[in-house]
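To start, the structure itself, in structure tokens.
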Amino acid sequence: MWSERIIHWFKGSICVVVDGLYPERELNRLVMEGIPLWQVKRLSQRRLQFWMSRQDFSKLRRLRRRREVKIHIIKKQGVPFRLRALKRRNGIVIGALFFLISMYMLSQLVWKIEVEGNERISTPQVRQVAEELGIKQWEWIRRVNDVKRMELALREALPDVSWVGYTIEGTTVRITIVEKVRPEALPNQPQHLVATKKARVHRIIVTKGRAVINENTWVEPGDILISGYLPQGGIEGEGTGTEQLVMAEGNVMGEVWYEAEVEVPLTQQIQTFTGEKQKVTSLLLGDYQIGFHGQEDVPYDRFEKREESQFLNIFGWRIPLGMKKEVYWETQELQQERSVDEAIDLGKRQAKEQLNRAISGKGEILEEKILQQRVEGGKVTLRFLYVVMENIAKPKPIIP
């Protein structure tokens, strides 16, 4: 059954309606002449419909000249009719073939080179080395698709890398760099631990060295907290030649006072969408963008832009041809009033954020006070005091 359909498709078939006094007689004559017919059905007393091959249609036309029979062609299908239609539209066919060939050729070129994983080695340096090896934009992919050879060549040309990954994804070449780890010298020289901030010492924990301050005393930035000088033979003193130099270690927890001042307006500006929008459509050719719809100036003073790009993907190959849609949504600013209590709550959150940035999230807040609060000029001004417990010690090398 399927084989017959395929044969009819390649040879071409025609759906015919015969209109006459006795149409079945004409069908019998066709059958007697050995002309195959299929899907025969009666439409009315005078009309029959059937399918026949394109080559046998000429015999049916001779029949029409002998008899008073009208023949109507309802439908044509098959390869011969498709080819005939294409001949009448040769311009479209040539254009389509040129487009497909162009897309295929473009898909065989390197459109983009991406470098990732590098920190100390600059991206332009990697690109320059790659270009010297032939890995460059608009190069034929088949010339640079030897992955192992390219990885080895890049690794030899970049002495500061320990591993190079080289992959080709569609028209994009991706070079992944893993740089060599440079061992850093461990700090092994003698040191003091000194204060980083003005604070009241709360607790001292000495792992190595000698504490030179007591608890509940105030210290200034730079004061020595734990000394790297250890006395020998019961003789104390620094720089006397009777001390042992060590790398002081430990923690000194101190109470540090912070002040934060914030201003919160009683009127806030909020941004909302009006519902108006403008769409811009562009053609993408690799990294190039060609606008062809909606490229006139955006008619909004305030707007939010959203965009989406899609590239063609044929048999797993990403073709450097696609569409980019940009939508500009009009926005407007509205004023919203806030109460004094709402402004104070917001001010507390803002002050707390300032504090967290100052202590880098390390420390425990022991006390929080509002030192000043005033409302004037359409805003609330707040000044806060925070008492924070944190480690105030940092190392300071001892230079002999």
Open item on the list: I'd like to compare 364-374, 127-137: which one has the highest average count of other Cβ atoms within 10 Å, and what's the full order after that?
Closed with: 127-137, 364-374
Open item on the list: Using only the alpha-carbon atoms, how far is helix 23-32 inclined from the longest principal axis of the chain? Give it as 0 to 90 degrees, nearest 10.
Closed with: 90 degrees
TODO: Only loop residues by DSSP count here, and only those with at most 13 other Cβ atoms within 10 Å; note down the chymotrypsin sites (Phe, Trp or Tyr not before Pro) in the range 126-173 that meet that.
DONE: Trp138
Open item on the list: Sort 304-310, 46-52 by the packing proxy (mean of other Cβ within 10 Å over each peptide's residues), most packed first.
Closed with: 46-52, 304-310
- [ ] Set the Förster radius R0 to 45 Å, insert the Cβ-Cβ distance between Thr281 and Arg29 as r into 1/(1 + (r/R0)^6), and round the FRET efficiency to 0.05.
- [x] 0.15
Task: Neighbour net charge for Lys197 - beta-carbon separation under 11 angstrom, K R +1, D E -1 - done: -1
Open item on the list: Among 334-344, 257-267, 168-178, how do they line up by average Cβ neighbours within 10 Å per residue, starting with the highest?
Closed with: 168-178, 257-267, 334-344
Task: Within the chain: Cβ-based charge dipole about Cα centre, in debye rounded to nearest 20 (Lys, Arg +1; Asp, Glu -1) - done: 5580 debye
Task: Candidate values [x] 15, 20, 29, 18, 10, 7, 1; [y] 26, 53, 20, 1; [z] 21, 41, 29, 9, 0, label of the one derived for P(r) over Cα pairs in 20 Å bins from 0, in percent - done: [x]
Task: Percentage relative contact order, the chain, counting C-alpha pairs under 8 Å, at least six apart - done: 13 percent
Open item on the list: Could you tell me how far the Cα centroid of the range 362-400 sits from the Cα centroid of the range 123-184, in Å?
Closed with: 50 Å
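Every number in this text was worked out from the coordinates using simple rules, so none of it is lab data. All values reported here derive from a predicted model rather than from experimental measurement. Counting neighbours? That spans all protein chains shown, and the Cβs are built from the backbone with ideal geometry, glycine included.
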